[in-house]
Amino acid sequence: MARARRDDEAPSARLSDGTIARVIPSAYAGGWELDVDGTPQSHVDLDDPTHLHFEYIARMGAVIDQLRMPGQPLTAVHLGAGALTLPRYVEATRPGSRQQVVEIEPALIELVRAHLPLPRGASIRTRIGDARETLGRFPAGLVGHVDLLVSDVYSGAQTPAHLTTVEFYRAAAALLAPDGVLLVNVADGAGLAFARRQVATVRAVLEHVIVLAEVQTLKGRRFGNLVIVGSAAALPTAWLPRLMAAGPHPAKVAQGAELDDFVRGARLATDADATASPKPSASVFDR
């Protein structure tokens with residue numbers, strides 16, 4: 001009941017689908033969480049933006065740390081805003097980076113900016129609109145020059161179908177620099193049918209692909225997040241196995257023959273037959 005009272009009093013905004021977004025204190029990690037209709041979407045530590053609490057975000061951060069030279073500014077595009085956790089991380093670890101964030105919900109952006117303000121002077125621009133439609137409206141000077149493209153878009157607890165297809169990933173890949181990297185957050189459960197299709201679909205667009213996930217999730221034994229990493233160039237993976245094994249929670253890097261086995265028999269997702277990601281059971285987010 002104490003948590004319920006705190007949520008009721010929390011800053012909130014009603015989104016276009018009728019769900020309520022709230023900024024609430026994190027009961028487990030300090031800092032703040034962005035909660036949408038009972039689903040924790042993001043965690044932010046305003047005092048330490050390098051503190052990445054959610055496991056899959058920490059794994060994305062491990063990949064970002066290996067791009068180019070340490071501390072070198074990046075050109076980054078983030079599809080899906082959440083509480084702007086990764087843009088804050090990139091700004092903190094690579095000052096001077098140019099970042100653009102695409103978010104369909106203006107009320108969400110207003111809520112986050114008002115109650116979880118960005119660092120002063122950060123070069124983070126927000127574009128309001130559908131992630132896929134916005135891909136075709138970036139300035140010509142950005143096309144082919146993006147070092148990092150993050151796709152982490154959720155409507156409630158599901159990724160919309162039109163953001164899971166080979167057509168979508170082709171449009172996204174067109175923004176990347178020759179050695180630019182795509183990071184995709186995929187949530188799936190037992191059997192991993194959706195995740196297998198997503199990995200197969202990204203591999204149809206980008207030659208070099210790896211997957212980062214907690215071991216039991218990768219085996220399809222529990223609902224969780226998998227991070228797909230893709231690039232037209234060879235990926236900097238030498239240190240990733242050690243990083244993944246160190247935590248949070250033992251995880252692994254799946255690549256090469258293991259990914260061949262992982263996607264065997266999986267159909268590519270296309271605009272004609274794609275589905276939204278599976279909806280997790282309510283118990284997944286029990287606090």
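Total residues in region 220-242 satisfying the condition of being modelled with pLDDT of 85 or more, among the polar types (S, T, N, Q) and surrounded by fewer than 20 Cβ atoms within 10 Å (Cβ to Cβ): the figure is 0. For Val184, are the conditions met, namely being buried (at least 24 other Cβ atoms within 10 Å of the Cβ), within 22 Å of Thr75 (Cα to Cα), touching a helix residue (DSSP H, G or I) at 6+ places or on another chain (Cβ under 8 Å) and β-branched (Val, Ile, Thr)? Spelling it out, Val184 is indeed buried (at least 24 other Cβ atoms within 10 Å of the Cβ), within 22 Å of Thr75 (Cα to Cα), touching a helix residue (DSSP H, G or I) at 6+ places or on another chain (Cβ under 8 Å) and β-branched (Val, Ile, Thr).
Scanning region 1-23 for residues that are among the aliphatic types (A, V, I, L, M) and modelled with pLDDT of 80 or more turns up Ala10, Ala13, Leu15, Ile20, Ala21, Val23. Of all residues in region 68-93, those that are over 23 Å from Pro11 (Cβ atoms), polar (S, T, N, Q) and touching a Ser or Thr at 6+ places or on another chain (Cβ under 8 Å) total 2. Applying the criterion of at least 1 residues that are touching a residue at least 60 places away in the same chain (Cβ under 8 Å) and surrounded by 20 or more Cβ atoms within 10 Å (Cβ to Cβ) to the helices (runs of 4 or more DSSP H) found wholly in region 1-95 leaves 55-64, 85-93. Only one of the listed residues (Asp45, Asp17) is of a type in the set (D, E, K, R), closer than 25 Å to Glu133 by Cβ and more than 16 Å from the chain's Cα centre (by Cα). That residue is Asp17. Taking strands (runs of 3 or more DSSP E) as the structural unit, those lying wholly within region 96-197 and holding at least 1 residues that are within 24 Å of Ala269 (Cα to Cα) and in contact with a strand residue (DSSP E or B) (Cβ under 6 Å, 6 or more places away or on another chain) correspond to 98-103, 146-151, 176-188. Exactly one residue among Ala200, Ala204, Ala245, Ala269 is surrounded by fewer than 17 Cβ atoms within 10 Å (Cβ to Cβ) and either at pLDDT 85 or above or in contact with a His (Cβ under 9 Å, 6 or more places away or on another chain) (or both), and that residue is Ala204.
Tally time: how many residues in region 100-157 are of a type outside the set (A, V, I, L, M, F, W, C) and in contact with a Pro (Cβ under 7 Å, 6 or more places away or on another chain)? Count: 1.
Residue-by-condition table, conditions (1) touching a residue at least 24 places away in the same chain (Cβ under 8 Å); (2) closer than 14 Å to Ala58 by Cα; (3) assigned to a loop (DSSP other than H, G, I, E, B); (4) in contact with a Leu (Cβ under 7 Å, 6 or more places away or on another chain):
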{"residue": "Asn225", "(1), (2), (3), (4)": "yes, yes, no, no"}
{"residue": "Gly230", "(1), (2), (3), (4)": "yes, no, no, yes"}
{"residue": "Leu235", "(1), (2), (3), (4)": "yes, no, yes, no"}
{"residue": "Ala245", "(1), (2), (3), (4)": "no, yes, no, no"}
{"residue": "His249", "(1), (2), (3), (4)": "yes, yes, yes, no"}
{"residue": "Glu258", "(1), (2), (3), (4)": "no, no, no, no"}
{"residue": "Arg267", "(1), (2), (3), (4)": "yes, no, yes, no"}
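Remark: pairs (first residue in region 169-188, farther than 20 Å from Ala276 by Cα; second residue in a strand (DSSP E or B) and of a type in the set (Asp, Glu); Cβ separation under 9 Å; 6+ apart in sequence or on different chains) = Leu176/Asp147; Ala177/Asp147; Asp179/Asp147; Gly180/Asp147; Val181/Asp147.
The values are calculated or read from the model by the stated rules, or taken from the named source; none is laboratory data. The model shown is predicted, which means the values in this text are computed figures rather than measured ones. Please note: Cβ atoms are built from the backbone with ideal geometry, for glycine as well, and neighbour counts cover all protein chains shown.
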